[in-house]
Amino acid sequence: MSRLALALSLAVTAVVVAPPNRADACGNSVRRLVDSGQDYVQKAELLLARGQHRKAVSTIREAFGDKALAADMKGPGAHLHGRAQRILALAVARSGGDIAIGMDLGGAPQSRKDAAIAWAVLALRLQAGAEPSPAQTAELAEALAHQTSGRAEAHGLLKALADGDLMPTAHGWALLAELSKERGNVEASKAAVERCVKMNARGVKCNVTEQA
């Protein structure tokens, strides 16, 4: 199986886990697991916001293992699982696939980076659904922009947010500046840089020349 095929299969196939023992069957045990996972996810979200992508991924992997890569998860903790998966997908996108999140997903070889980006795009697209929020739209665009075939879609998504004054993050403005300049729209690029700078977000490079 190719690495890309592996990424796609992980994005649509739930990971099989061992059946719970008697202690896990009780409500209190499930609640403790969810509470523990909540602590890990909150920590990882903070690390992601600080641009510490590798630490964010390690935190999620420590709590969820391969389960965070599964496309869908039912029952207690499903919402938490979604938050954990979002963190992994954004860490992949913002690192350009440099961070390994699982077997053959991310890391040094370009094929592994491509597979990780493909997984991130599918994971974020599934989370966005038919009626995505502005935040989900901007995050999907971040991942799409790392695929040659996805850059036009990423630009369209971000431009729509900007035109509606709905851009939620400095990351979105920075990427719109890059994609607008790429298309020769210098004025739109400059405007996006200005909006990015005004948000004063930690770890975000708003100047297009700095991103090269």
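Bear in mind that the values in this text are calculations on the coordinates, not laboratory data. Just so we're clear, the structure is a prediction, and the values are computed from it rather than from any experiment. Cβ coordinates were reconstructed from backbone atoms using ideal geometry, including for glycine residues, and neighbour counts include every protein chain displayed.
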- Message: Exceeding 22 Å between C-alpha atoms, which entries from my cross-link table qualify? They are Lys43/Lys159; Lys159/Lys198; Lys43/Lys67.
- Response: Lys43/Lys159
- Task: Return the FRET efficiency for the residue pair Ala108, Asp165: r is the Cβ-Cβ distance, R0 is 35 Å, and the value is rounded to the nearest 0.05.
- Result: 0.30
- Length gained if Arg202 through Ala49 is fully extended, taking 0.36 nm per residue and subtracting the Cα-Cα distance, is 54.3 nm
- Packing-based exposure ordering (other Cβ within 10 Å, fewest first) of Asp114, Asp39: Asp39, Asp114
- Query: P(r) for the range 85-197: what percent of alpha-carbon pairs falls in each 5 Å bin, starting at zero?
  - Reply: 2, 14, 23, 23, 18, 12, 6, 1, 0
- Query: What's the exposure ranking of Leu47, Leu166, Leu105, Leu175, going from fewest to most Cβ atoms within 10 Å?
  - Reply: Leu166, Leu47, Leu105, Leu175
- Task: Treating cross-link reach as a plain straight distance, find the aspartates and glutamates whose alpha-carbon is under 13 Å from the alpha-carbon of Lys205, omitting any fewer than eight places away in the same chain.
- Result: Glu178, Glu194
